[in-house]
Amino acid sequence: MTKQDFIDSVNEIGALTHSEKLIVNYCIKNFPMLPFAKMDELCKNIGVGKATLGRFLNRLGFTGFIQFKKVVSQDLVQELSTPIERVYSADSTHPKQGFVNQHFEEVMGNMEETYSNLFLPDIERAVDYLLTPKGKLYVMGSASAEALSNYFYLLARYLRKDMVLLKADASTLPHQLVDVDEHDTLFAISYHRFSNITVRCVRWFAQHGGKIITLTDQQVNPFVSYSDIEFCVASHSESIFNNRTAGFSLIELLIKGMSSNAEKDQRFSRIENTFKEFEIFNNK
């Protein structure tokens, strides 16, 4: 079901009550979020009871919320797939010759698509949030995004203090998040299939007033309603795994923006002295 299909269905059922109008307006405004919505949370956001929502969905011809969400999801996520699904659906007879050129074209295509859609004020505002000295900067990424979050964290440590690299361990995450307040910023990285741990972390920050920057590869994602700034990077690939090059590039762009920090020289010196003290690098 597309948004227009939903609107057409509503128009066919006739007059709406005040509560039903609230439901319709919310669904139209937040249609990409519906596949990720929970009924309790949805009703709370709209300001109606579960019974009211259920009766309205019955009027539209659905047996309940689960069926409605499933029908909406089919159209929104029809182009998404998992690596395992790609293995079984891919043509196993791809010639090896030319795969280097194919990969190069994919990388450049993803980069071009990503940078053509960047909004400069978002980059500038994100850099301001990432550098704000009033609170801590938290960084979160799980699964394949963990490598990107760790890369960002290591470079950003040269540029600012008070950073926390969150680990996707549900048993210890509350200990790391207990002091979050409105002065803190979260940089969350999550690709398709969206880790529940990352979703919970983003929701927690939103509930406690923190600033949220997200990097993802899908316009349809569970972070839309929580993010202050969202960057959507292209990750298209003909292989069984999506491409992360544009995501890495955007991270380096943010790091370059953070490099304007006036205190960076002092931090560079301090970090280098720490490296020497612990004999981290082989200087022979």
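Please treat every number below as a calculation from the coordinates, not as lab data. Predicted, not measured: the structure shown is a model, and the values here were computed from it. Every residue, glycine as well, gets a Cβ built from its backbone with ideal geometry; the counts of neighbours run over all protein chains shown.
Tally Lys and Arg at +1 and Asp and Glu at -1 over the other residues with C-beta under 13 Å from the C-beta of V199: what net charge comes out? The partial results should precede the final answer.
Numbers: positive: K38, R193, R200, R203; negative: E41.
Summing Lys/Arg as +1 and Asp/Glu as -1 gives +3.
Suppose a student asked you for the relative contact order of the chain, using Cα pairs under 8 Å spaced at least 6 residues apart; what percent would you report? Intermediate values should be presented prior to the final figure.
Details: 332 pairs, mean separation 51.6, N = 284.
Computed over the chain, the figure is 18 percent.
Could you list the GluC sites (Glu not before Pro) in the range 192-284 that lie in coil according to DSSP, counting only those with at most 15 other Cβ atoms within 10 Å of their Cβ? If you can, show how the numbers build up before the last one.
Values: sites: E230, E238, E252, E263, E272, E277, E279; in loops: E238, E263, E279.
In loop regions of the range 192-284 (DSSP not H, G, I, E or B), the sparsely surrounded GluC sites (Glu not before Pro) are E238, E263, E279.
How about the range 92-201: which chymotrypsin sites (Phe, Trp or Tyr not before Pro) there are in a DSSP loop, with at most 14 other Cβ atoms within 10 Å of their Cβ?
On the way: sites: F99, F104, Y115, F119, Y129, Y138, Y151, F152, Y153, Y158, F187, Y191, F194; in loops: F119, Y158, Y191, F194.
When the chymotrypsin sites (Phe, Trp or Tyr not before Pro) of the range 92-201 are filtered for loop state and at most 14 Cβ neighbours within 10 Å, F119 remain.
In this model, which of K167/K211; K44/K161; K29/K70; K29/K134; K3/K167 are farther than 28 Å apart at the alpha-carbon? Each step should come with its number before you reach the end.
Details: K167/K211 19 Å; K44/K161 38 Å; K29/K70 18 Å; K29/K134 34 Å; K3/K167 37 Å.
As for pairs spanning more than 28 Å Cα to Cα, those are K44/K161; K29/K134; K3/K167.
What net charge do the residues around E12 carry, taking every other residue with its C-beta under 13 Å from that of E12, with Lys and Arg at +1 and Asp and Glu at -1? Numbers along the way, then the final one.
Numbers: positive: R59; negative: D5, D8.
Residues close to E12 contribute a combined charge of -1.
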